[in-house]
Every structure is written in C-alpha cells, then in structure tokens.
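The values are calculated or read from the model by the stated rules, or taken from the named source; none is laboratory data. Model, not experiment: these values are computed from the prediction. Quick reminder, even Gly has a Cβ in these numbers, built from the backbone with ideal geometry, and neighbours come from all protein chains shown.
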Amino acid sequence: MYIICSDLEGVLVPEVWINVAEKTGIEELKLTTRDINDYDVLMKRRLEILSQHGISIEDIRTVISGLEPLPGAVDFINWLHGKAQLIIVSDTFREFAGPLMKKMGWPPLLCHHLTINREGMITDYNLRQPEAKMKVVEAFQKLNFKVIAIGDSYNDIQMLRKAERGTLFRPPQNVIADNRDLVAVKTYDDLMEIISEKLGTG
C-alpha cells in the first residue's frame, strides 16, 4: 500500500511568506526554503523581522485567508481519493494552515506550531521533531507502507530521498542543480502519471 506525502507551500498552495512580503513590502520575507537550506537560520530571521516591524499573527492570518490553492491542486487532491491516502507534510505551522486546509477539503496535515504572546506577536517556533519530514516517511515505512513523496525545496530533499519515489514539483533551478538525481516535473498531470505508474493504475 502507498501513502502520498506531499509538501504544502509551492506544491499545493502559494508560498505564505512570499505573500506576506508582498503585502507588507518587506523584501527579505520573500526568502524561503527554496533559497536557504538551513530552516533554523531562516525562521529565526523571519521572527526578527516580524518583531522589528510589529507584524502579528493576525496580520499573517489576514494574508493567508485571501490565498487560494494553486490552480489544479484541488483537482489533483480529488483525483487521489480512492487511489492512495494523501498526507501533507509541511514546515508550516498549525496557526497558519487552517484557511488553506479548509479550501482543500481538510486533508491530514503534519506540521509545526508557534509560540504566540498575549499581544498576538510570534515569539518562537516549535518543531514537531527534528528532521520531521524524513521521520514521517520512516514511520510509514515501519508500518509497511510505501511512500511517494512530493516537494519543491531544500527542506524536502531528505523526505524525497527516503521515500520509495521522490519527485520535485516545480522547483527552482538551484534546487534542481543541487539534486540532479531527483526527477523534477512541472504539472499535476505529470504527478498523476508518476503516481499511476507506481500504483499500477496507469
């Protein structure tokens, strides 16, 4: 039996931090795990910027509530129904994800959480566990599932390599260049073809 482990931002929904950057005009917030492969460095810098500019959790939620899944993402999720279980494995935070999960029909989500003070300011981030994406794949494999993993960024690479089949979806050129052994595709049709081949339903 197969489990589909998919990243969220950049694969199924827009990049949240890029949209926050565009809304606030803070260019540095456009940096993501597509640009910086050390997640701790990236998140600590993001929290510094939020504090410096007085950006609260509600400000970010307002941006997120206006986002929609990427064109074709919901159709892709619906196509998976009855074929394989989709689990979204993301470095997002449960305090961010609700509006987007609702728009996609509430697929299961494994992610992290934030520490928020009484003033609604984000003071820290809390990883569910180190190497969380790879550990999810390992856990399913210990339950005798095989895993098809989908991601687009540096923080997905461990997950993709651990899975029985790992595929990059619309990654930037720098991620492709650093991981030439991984297949990279640009469309949901390509993903469906890969999944169908693995499931024997093509």
Residue, farthest from residue 60 (Cα to Cα), within segment 1-22, restricted to residues that are among the hydrophobic types (A, V, I, L, M, F, W, C) and assigned to a loop (DSSP other than H, G, I, E, B): 1
Which listed residue is among the hydrophobic types (A, V, I, L, M, F, W, C) and either free of Cβ contacts under 8 Å to residues at least 40 places away in the same chain or in contact with an Asp or Glu (Cβ under 6 Å, 6 or more places away or on another chain) (or both), from 191, 143, 109, 199: 143
Within segment 23-41, which residues are touching a helix residue (DSSP H, G or I) at 6+ places or on another chain (Cβ under 9 Å), without any contact (Cβ under 8 Å) to a residue 24 or more places away in the chain and either surrounded by 15 or more Cβ atoms within 10 Å (Cβ to Cβ) or assigned to a helix (DSSP H, G or I) (or both)? 27, 28, 29, 30, 31
Restricting segment 68-119 to residues that are touching a helix residue (DSSP H, G or I) at 6+ places or on another chain (Cβ under 7 Å) and more than 26 Å from residue 157 (Cα to Cα), the residue that is modelled with the lowest pLDDT: 99
Residue within segment 38-55 that is farther than 24 Å from residue 174 by Cβ, modelled with pLDDT of 90 or more and among the hydroxyl-bearing types (Ser, Thr, Tyr) present: yes
Just to be sure I understand the filter: pairs with C-beta atoms under 6 Å, separated by 6 or more residues or on different chains, first member in segment 76-95 and of a type in the set (S, T, N, Q), second member part of a strand (DSSP E or B). Which pairs pass? 85/3; 90/111; 92/111
